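A.B. asks: Below is a structure I'd like to ask you about.
The values are calculated or read from the model by the stated rules, or taken from the named source; none is laboratory data. Values in this document were obtained by computation on a predicted structure and should not be read as measured data. Quick reminder, even Gly has a Cβ in these numbers, built from the backbone with ideal geometry, and neighbours come from all protein chains shown.
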Amino acid sequence: MRMVLEDSLVMVVDLQARLLPVIEGGEQAVTEAVWLGRLATELEVPVWLTEQYPEGLGHSDPRLLEALPDACCWQKSHFGALDEVPLAEALAASGRRQIVLCGTEAHICVLQTALGLREAGYAVFWLDEATVSRRRDEARLARQRAVQAGAVVVSADMVAYEWLGRCDDERFKGIHRRFLRERASRPLSFS
């Protein structure tokens with residue numbers, strides 16, 4: 001299934017300031033989430049941030065909040081974001097059925113969110129380079145389990161080019177200048 005711009009929503013799960021120092025690959029995850037969030041905003045794709053127990057883990061990383069001032073932010077106590085009734089109701093009301101998902105910890109909150117989304121009939125696109133845990137093996141196992149449940153593993157480039165769909169219009173040219181060129185020289189690590 002191809003990602004469709006008008007049907008997509010980006011959900012960044014728990015990339016929180018006090019949690020990130022112990023997360024393997026946390027810096028890259030924030031960088032990738034910021035990049036895709038900025039692109040999504042430019043293309044009018046909603047971006048949602050979740051925060052697990054912010055009193056203890058802090059709020060979303062300041063780089064996310066600065067780069068994505070219009071992102072909708074949800075505080076949660078359940079590990080799976082869809083278990084939060086107001087969030088689930090708002091997502092259903094949005095009409096968006098394709099969720100590009102990333103964040104931390106991959107094997108806890110991101111995985112439980114992915115499983116809940118799949119159970120509710122959403123298409124889940126697991127943004128691999130921005131979905132991390134304290135230990136790389138935990139992230140790898142979470143990705144495998146999400147895929148077994150029907151999630152599709154993607155990169156930010158895949159998302160961008162599927163959303164754009166074509167290269168012969170002004171929108172692509174502007175996005176290419178502002179977003180895609182900067183990625184060409186940046187090394188990435190996948191789980």
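A.B. asks: Would region 34-43 turn up any residue that is outside any helix (DSSP H, G or I), buried (at least 21 other Cβ atoms within 10 Å of the Cβ) and touching a residue at least 12 places away in the same chain (Cβ under 8 Å)? Walk me through how you get there before you give the answer.
C.D. replies: Initial filter on region 34-43 (outside any helix (DSSP H, G or I)): 43.
In the following step, the residues that additionally are buried (at least 21 other Cβ atoms within 10 Å of the Cβ) were identified as none.
Within region 34-43, none of the residues are outside any helix (DSSP H, G or I), buried (at least 21 other Cβ atoms within 10 Å of the Cβ) and touching a residue at least 12 places away in the same chain (Cβ under 8 Å).
A.B. asks: Return the residues of region 122-142 that are farther than 16 Å from MET11 by Cα and of a type outside the set (Asp, Glu); say none if nothing qualifies. Quick ask: steps written out before the conclusion?
C.D. replies: Start the filter on region 122-142 by keeping residues that are farther than 16 Å from MET11 by Cα, which leaves 133-142.
SER133, ARG134, ARG135, ARG136, ALA139, ARG140, LEU141, ALA142 - these are the residues of region 122-142 that are farther than 16 Å from MET11 by Cα and of a type outside the set (Asp, Glu).
A.B. asks: Moving to a separate point now. Within region 44-61, how many residues turn out to be modelled with pLDDT of 95 or more and outside any strand (DSSP E or B)?
C.D. replies: Number of matching residues: 5.
A.B. asks: Within region 113-133, restricting attention to residues that are of a type in the set (Phe, Trp, Tyr) and either assigned to a strand (DSSP E or B) or at pLDDT below 95 (or both), which residue is farthest from TRP163 (Cα to Cα)?
C.D. replies: TRP126
A.B. asks: Which of the residues that make up region 92-109 are surrounded by fewer than 18 Cβ atoms within 10 Å (Cβ to Cβ) and over 19 Å from MET158 (Cβ atoms)?
C.D. replies: If the condition is that a residue be surrounded by fewer than 18 Cβ atoms within 10 Å (Cβ to Cβ) and over 19 Å from MET158 (Cβ atoms), then ALA92, ALA93, SER94, GLY95 are the ones that fit.
A.B. asks: Considering only residues that are assigned to a helix (DSSP H, G or I), without any contact (Cβ under 8 Å) to a residue 40 or more places away in the chain and hydrophobic (A, V, I, L, M, F, W, C), which ones fall in region 165-183?
C.D. replies: Across region 165-183, the qualifying residues are PHE172, LEU180.
A.B. asks: Something else: Filter region 4-33 down to the residues that are outside any loop (DSSP other than H, G, I, E, B) and out of contact with any strand residue (DSSP E or B) (no Cβ under 7 Å at 6 or more places or on another chain), then identify the one that is surrounded by the most Cβ atoms within 10 Å (Cβ to Cβ). Can you show your working first?
C.D. replies: Looking only at region 4-33, we keep the residues that are outside any loop (DSSP other than H, G, I, E, B), and these are 5-13, 16, 20-22, 26-33.
With the extra rule that they be out of contact with any strand residue (DSSP E or B) (no Cβ under 7 Å at 6 or more places or on another chain), the set shrinks to 5-6, 20-22, 27, 30-31.
Working: LEU5: 15, GLU6: 11, LEU20: 21, PRO21: 8, VAL22: 11, GLU27: 14, VAL30: 26, THR31: 16.
The qualifying residue surrounded by the most Cβ atoms within 10 Å (Cβ to Cβ) is VAL30.
A.B. asks: Exactly one of these conditions fails for ARG96: (1) part of a helix (DSSP H, G or I); (2) more than 26 Å from ARG18 (Cα to Cα). Give me its number.
C.D. replies: Looking at each condition in turn, ARG96 falls short on (1).
A.B. asks: Looking only at region 110-147, which residues are surrounded by fewer than 22 Cβ atoms within 10 Å (Cβ to Cβ), more than 21 Å from GLN75 (Cα to Cα) and small (Gly, Ala, Ser)?
C.D. replies: GLY121, ALA123
A.B. asks: For the condition touching a His at 6+ places or on another chain (Cβ under 6 Å), among the acidic types (Asp, Glu) and surrounded by fewer than 21 Cβ atoms within 10 Å (Cβ to Cβ), what is the one hit in GLU89, GLU84?
C.D. replies: Sole residue among the options that is touching a His at 6+ places or on another chain (Cβ under 6 Å), among the acidic types (Asp, Glu) and surrounded by fewer than 21 Cβ atoms within 10 Å (Cβ to Cβ): GLU84.
A.B. asks: Could you look through region 62-81, keep only residues that are in contact with a helix residue (DSSP H, G or I) (Cβ under 9 Å, 6 or more places away or on another chain) and part of a helix (DSSP H, G or I), and pick out the one that is surrounded by the fewest Cβ atoms within 10 Å (Cβ to Cβ)?
C.D. replies: GLU66
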